[in-house]
Structures are given as structure tokens and as C-alpha cells.
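First the structure, in the form of C-alpha cells, and then the observations on it.
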Amino acid sequence: MNFAVLRWAKTTPESGVTVNREIGRLELRMEQSGEHTKVNVLQTTRYSQPNNRLEAELICNRDPLLSLRSWKLRSSIEERDDCLYEVSGRREGDSVQIEDALAPRVFAVSGPLVCQWTLVLSTAVSSRLGGRFGLLEDLLLYKPNQQLVREPDVVIGYRDGDHKMTCYSQRGPGVLPLHYYADEQARTQLVTQGALAWALAEAG
């Protein structure tokens, strides 16, 4: 799945029309392998010159939440040799170990553990999801006691007409409200948080 990364620019008071500027792309590739699912992430964003580039490989359980087992992340700024950061981590039982060039970290977790990229792939089937989960934001920062709450359906206008979207909000400590909108084909079409949004550009 390919998403356009959008940033709110302005809203015209007279018409209510909102301008969202594309500042990057998010590519998610999922591959089933035995009992596990591998997810590859490529995210490029441009807040100013040059691009921020993030690559990750996630090994997940084959459950509705795609809960994390192990992961590797590489973050860099294009044309800058001094801005490279690499980290890896894994979950074993009720603990997580994260290692980078600075020092290893170990901390306790409970329940399913996900990140923002796996949630994009799993929220379309949220009718099967229940209970609370932990969010490992950017595969680094642990935010426990998250939950998905079903919200009223919304109708969004497209070039070929109106489409009804199932809406879920993510709520929990340390996060601004996130909203996920999935279409009738179980594809997450839109994710919004504050001034940023991910809009589906190619289902794949």
C-alpha cells in the first residue's frame, strides 16, 4: 500500500475548503511467511530541505493486530552523512529489548504490541479487534493502554461519488486522537492526526 503524507496548510473561512500539501510518501509491503508476517516500511518526508528517509523491517505475528515480534529501523537525512540512526529490537515474553549505538534498553510490556505502521494495515478489520494494546511509536517510544474505539460512519466524497467509511479512533496516554477510515473493501483509506494525514494513493 502506498500513502501520500499530507500536511494541513490552511482552511478558507468562506468555503471551509481545506488545503493539504503533500510532503512525502509512505510505502508498506506485507509478506506472509509461515506463522509470521513481514512488513517493510519506506517513509520519506520533507518538512524542509532535504528529505527525511526511514526504512524498517518488522516481523509480526499473524494476528489481527499484526503484533510485533522483532524489528530493525534505519533513519537518515538525504545528503547528510552525520544523521544516520539505526536500531533493532525484539519482544520476548513480557519484555522488550531495544539496541542502538548508544546503549541497550529493556522494559516491561503487557498485551499486544504494535506500531503506527502495522495499525494502518490492521484497522480495516477492527471489528475483530478488542481490548487494549501497547504502541511502540517509531519503534522506540512505548505508550501503553491504547485502544481503538468505533466511531460513527462517515461519508467522503470522491471523484466517482460518495463512499461510506468505517471510522475508528485510537485513544490512550501520550497520543493525540488518531482517526482511521476504512472503505467497504477493508482498505484503510485515510489516517488523520493533528495537522498530518496519510491518504491512500495505491492499494497494491
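Please treat every number below as a calculation from the coordinates, not as lab data. Model, not experiment: these values are computed from the prediction. So basically every Cβ, Gly included, is an ideal-geometry build from the backbone, and we count neighbours across all protein chains shown.
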Residue 163 neighbourhood, Cβ < 9 Å, K/R = +1, D/E = -1, net charge -3
Among 43, 185, 97, the residue with the largest mean-square fluctuation in a Gaussian network model of the chain built from Cα contacts under 10 Å is 185
Residue 8 versus residue 95: modelled label distance in nm, points set 7 Å from Cα along the beta carbon direction | 4.2 nm
Förster radius 41 Å - calculated FRET efficiency between residue 46 and residue 106 (Cβ-Cβ, nearest 0.05) = 0.70
Order of 106, 39, 175 from fewest to most other C-beta atoms within 10 Å?
-> 106, 175, 39
Scattering from the C-alpha atoms of segment 96-204 alone, worked out with Debye: what is log10 I(q)/I(0) at q = 0.10, 0.20 1/Å?
-> -0.33, -1.07
Using the 10 angstrom Cβ neighbour count as an exposure proxy, how do 165, 30 rank, fewest first?
-> 30, 165
With N set to the residue count of segment 1-108, report its C-alpha Rg divided by 2.2 N^0.38 Å to two decimal places.
-> 1.37
Identify, among 163, 176, 193, the residue whose Cα sits farthest towards the positive end of the charge dipole of segment 130-204, taking +1 on the Cβ of Lys and Arg and -1 on the Cβ of Asp and Glu, with the dipole about the Cα centre.
-> 176
For the chain, the charge dipole (Cβ of Lys, Arg +1; Cβ of Asp, Glu -1; about the Cα centre) points to a positive end, and the Cα of 93, 43, 103 closest to that extreme belongs to 93
Average the reciprocal distances over every distinct pair of alpha-carbons in segment 2-202, invert the result, and give the Kirkwood radius in Å.
-> 18.1 Å
